[in-house]
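A short write-up of the structure that comes next.
Bear in mind these aren't lab numbers, they're just calculated from the coordinates by the rules spelled out. Because the structure is predicted, anything quoted here is derived from the model rather than measured. Reconstructed Cβ throughout: ideal geometry from the backbone, glycine too, with neighbour counts over all protein chains shown.
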Amino acid sequence: MLRIVRVIIATVVFALVTLLFFDFTGTMSGVAGWIPKIQFLPAVLALNLLVVAILVVLTLVCGRIYCSVICPLGIFQDVVSWLHGKFKKNRFAYKPEMKVVRYGFLILFVATLLLGFGSIAGIIEPYSAFGRIMSNIFQPLYILGNNALADVAEKNDSVMFYHVDLWWIKSLAVFIIAVATFLIVSLIAWIGGRLYCNTVCPVGTMLGFLSRFAWLKPVIDADKCNKCGLCARNCKSQCINFKEHEIDYSRCVACMDCIGKCHKNAISFSHPKKTQKDEAENVDTSKRAFIATAVTLASASVSETQAKKVDGGLAVVEDKVAPTRKTAITPAGSVSAKNVQQHCTACQLCITACPNGVLRPSTDIETFMQPQMSYERGYCRPECTRCADACPVGAIKPITVEEKSSTQIGHAVWIKKNCIPLTDGVECGNCARHCPSGAIMMVPSDEKDETSLKIPAIDTEVCIGCGACENLCPARPFSAIYVEGHEVHRTI
């Protein structure tokens, strides 16, 4: 029964979080938006002390239940291992803990964070890794499948499915990282079950330290055990030494598979009456420091280009090219670029949630894979707070529509040589007409001639950096007006 309950809960959580990453309309955020916020490291980074306390207490009471029913990458590994089990049964065997590898990865993880390479450390963080797999591989395929169905039904896919292009192909670095993570984790899970969790995953190692002291554990009754070895051969954590009636609780993920396989009822999930072995004696106390310092940053991607668009079926419209910005733009609610860099785990849920294609992964070394804004495909609508609502770690803090409308994330800059009234000699004014904050007005290009063609004048004190002007500027490939980001956001 314990195993059945665990499978049901894990299935529900996995389905919801997967649909959350597949969802590009925002309908799932109200149903499953809470799941990213209860992930361990996102909760730590968001300083959600209540969630962290609950997860710590849950681990101290029941062991690594988190890894079995809450962590989506852990559940994904169970699915892969279960599929292999359909072809080959009783395939596992006890293996001693690989302490050097396990704690080596944890030390490397913490060291890269302390050295400022948080985006590299975030590659192995489980929730972020799962998010990149879903966002870069499966969500685009899901959208393409829906668009294909819409095309068959002769419906307007741009209305039904927003703007969709093959961005993951152009974001080659992110796509490669996502595919590599998917293949490596899948291969390890296929061969070794939860080997990734117990050797590479920093969250698994940290929770493994706590689970040694869990109150409830799978306990082997030596009097009932006949040493058939079924429990060990079905333990995907490979942590049961049935010959010595011992279990390595730092690696046990409380999946309950061993209990279901034991025909003698020799294994129970209970508080051990006798201590089989004081495993804590061999734990270096310095490892406790890793729990306090465990922070994670990340996220991936490279620049994007759009598929060719046709104007009325007659002429090819040249795609916009992103300008070179001195300062990257981060979403309203992120407070500053530094806050994003320090807190973002690169799960890419905000990128998935963005309905206008404004957010995309950064290619810069310091912020590699973390979200940045660019306006070639759309602009940041003042009434939209989807990214802030989705962020589970506090890299983008919750913000109201009113607060967003008065938050200056950047300011517009006019490029005279690209402006159509000056290059083509025709009236334009697109930027001024669509500016939601009224920061742009058209003035005569010749101060002495009121009838001369008008050019934009920008009030940088009023501009909020939404990018409507940059996105809707008809100049190609570079807009005649673009947004320069602010390191620290301002309230106007």
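So how do Ile65, Ile177 line up by other beta-carbon neighbours within 10 Å, fewest first?
Numbers: Ile65 22, Ile177 25.
The fewest-first ordering by Cβ neighbours comes to Ile65, Ile177.
At R0 = 41 Å, how high is the FRET efficiency between Ser270 and Val100 if r is their beta carbon distance? Nearest 0.05 is fine. Each step should come with its number before you reach the end.
Details: r = 32 Å, r/R0 = 0.79.
Taking R0 as 41 Å, the efficiency between Ser270 and Val100 is 0.80.
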### Task
With an 8 Å cut-off on Cα pairs and a minimum separation of 6 or more residues, tell me the relative contact order of region 408-492 in percent.
44
#### Entry: Pairwise label distance in nanometres, Leu60 with Glu461, each label 7 Å out on the Cα-Cβ vector
5.5
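How much length is gained on full extension from Asp424 to Glu402, taking 0.36 nm per residue of separation minus their Cα-Cα distance?
Numbers: separation 22, 0.36 × 22 = 7.92 nm, distance 3.87 nm.
Between Asp424 and Glu402, full extension yields an extra 4.1 nm.
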### Query
Which pairs break 18 Å Cα to Cα here: Lys320/Lys404; Lys88/Lys236; Lys227/Lys273; Lys320/Lys454?
Lys320/Lys404; Lys227/Lys273; Lys320/Lys454
### Query
For Thr363 and His263, what does the FRET efficiency come to when R0 = 51 Å and r is the distance between their Cβ atoms, rounded to the nearest 0.05?
0.35
### Task
Would you order Ile35, Ile124 from fewest to most other beta-carbon atoms within 10 Å of each residue's own beta-carbon?
Ile35, Ile124
### Query
Does a label point 7 Å from the Cα of Phe213, set along Cα-to-beta-carbon, have any residues of region 73-116 with amide nitrogen under 20 Å, and which are they?
103
### Task
Rounded to whole Hz and in sequence order, give me ³J(HN,Hα) for region 259-272 from the Karplus expression 6.51 cos²θ - 1.76 cosθ + 1.60, θ = phi - 60°, writing x for Gly and Pro.
5, x, 8, 6, 7, 9, 6, 8, 10, 9, 8, 7, 7, x
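Expressed in nm to one decimal, what extension gain is obtained for the pair Lys416 and Lys338 from 0.36 nm per residue of sequence separation less their Cα-Cα distance? Provide the component values of the computation, followed by the final result.
Details: separation 78, 0.36 × 78 = 28.08 nm, distance 3.18 nm.
Extra length from Lys416 to Lys338 when fully extended: 24.9 nm.
Applying 1/(1 + (r/R0)^6) with R0 = 22 Å to the Cβ-Cβ distance of Val79 and Thr27, what FRET efficiency is obtained, to the nearest 0.05? If you can, show how the numbers build up before the last one.
On the way: r = 25 Å, r/R0 = 1.12.
With R0 = 22 Å, the Cβ-Cβ based efficiency is 0.35.
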### Query
Between Arg476 and His434, what is the spin-label point distance in nm, taking each point 7 Å from the Cα along the Cα→C-beta axis?
1.4
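What length, rounded to one decimal in nm, is gained on full extension from Lys227 through to Ile8, with 0.36 nm per residue of separation minus their alpha-carbon distance? All intermediate terms of the calculation are to be shown ahead of the outcome.
Numbers: separation 219, 0.36 × 219 = 78.84 nm, distance 3.01 nm.
Difference between extended and current length: 75.8 nm.
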## Note on the structure
About its Cα centre, region 408-492 carries a charge dipole, from +1 on Lys and Arg Cβ atoms and -1 on Asp and Glu Cβ atoms, whose size in debye to the nearest 20 is 200
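Of Glu461, Glu366, how do they rank once you tally other Cβ atoms within 10 Å and put the fewest first? Could the numbers behind the result be given before it?
Numbers: Glu461 10, Glu366 14.
By the 10 Å Cβ count, ascending, the order reads Glu461, Glu366.
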### Query
By average Cβ neighbour count within 10 Å, what is the ranking of 334-342, 7-15, 84-92 from highest down?
334-342, 7-15, 84-92
#### Entry: Positive-end residue of Pro361, Pro371, Ile399, charge dipole of region 310-401 with Cβ unit charges
Ile399
### Summary
Amide H neighbours of Ala254 at under 5 Å, excluding residues fewer than 5 places away on the same chain, with H built from the backbone geometry, are Arg64
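By the gyration tensor of its Cα atoms, with a ≥ b ≥ c the square roots of the eigenvalues, what is the shape of region 1-139: rounded for a/c under 1.5, prolate for a/b over b/c, or oblate? It would help to have the intermediate numbers written out before the result.
Values: a/c = 1.33, a/b = 1.02, b/c = 1.31.
Rounded shape, in that the Cα axes give a/c under 1.5.
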### Centroid-to-centroid separation of region 98-140 and region 379-455 [C-alpha atoms, Å]
37
